[in-house]
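Student: Shown below is the structure under consideration.
Here, each number is a calculation from the coordinates, and none is a lab measurement. This one's a predicted model, so the numbers in the text were calculated from it and none came from an experiment. Glycine also receives a Cβ, built like all others from the backbone with ideal geometry; neighbour counts cover every protein chain displayed.
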């Protein structure tokens, strides 16, 4: 029997050609760097450091929350926040031996010619970005007057991915706000796990390699296998000795043959991949304006999205999903070569995974 799934269409999964689209420029940069100093900088040093940063320098004399009771002489006394620091700013501080790196935001701005292309790329990130090993974290969405901000977990997490598309770029001029991605790292231990223990490590960081390693997009390539694995799991809950079924479960209704496994796979994607009300919040400005959440820009886009990150977070502890998902190859992510996109050398294939496009 040949199954007819016309009554249960598969969700649409954008590929490289209609996902991140064609950004005209890519700008990776260091957005924010936070450090502690044992010996505070004076006014002249602070002024010199400010001249080496693109944004406002934050500095405050206070005691940190962490303390060295065994060595009071090693207690840190000044917190510095460098916004858009240049390499010269990091070198200026790197000469000291009392610097502790505790916070960093590495950013990537994708520039688009039109707002439609930018919004399509944002929707692609919402539905297909995936970060593993998040220790119980769930995605969060904050709706504001100008758009939405996507968080990979709770604010203040040791590792946090942030995406938004409603603010001007801090490093490039464009008529359309960029698609802005951030990777925030909090704490010395979290930095060491990424191999960034000092400002010297941050200076030597290969930003292209960093984004290739920390930004991935996936899709469910085996919907039927996903549904069958879940149904097998339910069967084992009722009867632990039952054998796993390997063939499709088909059911005839009238003249239509329905693939039960595939239908279950689609149902899992729709229900577990959707955003729940607890994941959606309003910004302070939106709350002050008193606009209903249903009328906020981006609400219905989030409401209709099927996120593979949500699916992974809610189902992977029951069914390992690596067998059923595959990475989507997109030039603006994994094949990033330089800051300017060039014309396609080869058209995407008509079926299957899209042919990766080069960047000139």
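Student: Take residue 193 and residue 238, extend 7 Å from each Cα along the Cα→Cβ direction, and tell me the distance between the two endpoints in nm.
Tutor: 4.0 nm
Student: Give me D for region 127-262 in µm² s⁻¹, whole number, from Stokes-Einstein with Rh from the Kirkwood sum over alpha-carbon pairs, 20 °C and 1.002 mPa s. Provide the component values of the computation, followed by the final result.
Tutor: Values: Rh = 19.3 Å.
For these conditions, the coefficient is 111 µm²/s.
Student: What is the extension gain from residue 95 to residue 304, computed as 0.36 nm multiplied by their sequence separation minus the C-alpha to C-alpha distance, in nm to one decimal? If you can, show how the numbers build up before the last one.
Tutor: Values: separation 209, 0.36 × 209 = 75.24 nm, distance 5.12 nm.
Going from the current span to full extension adds 70.1 nm.
Student: What spacing in nm lies between the two simple spin-label points modelled at residue 51 and residue 297, each 7 Å away from Cα in the Cβ direction?
Tutor: 3.9 nm
Student: Where does each of 109-119, 21-31 land if you order them by average Cβ count within 10 Å, highest first? Write down the numbers at each step before the final one.
Tutor: Numbers: 109-119: 18.5, 21-31: 20.1.
Going by the mean number of other Cβ atoms within 10 Å, highest first, we get 21-31, 109-119.
Student: Still on this model: Which order, highest average first, do 172-178, 241-247, 91-97, 141-147 follow once you tally other Cβ atoms within 10 Å for each residue and take the mean per peptide? Walk me through the numbers before you get to the answer.
Tutor: Working: 172-178: 15.6, 241-247: 9.1, 91-97: 14.0, 141-147: 18.0.
In descending order of packing, they fall as 141-147, 172-178, 91-97, 241-247.
Student: Specify the inter-centroid distance of region 179-254 and region 90-162, based on alpha-carbon positions, in whole Å.
Tutor: 18 Å
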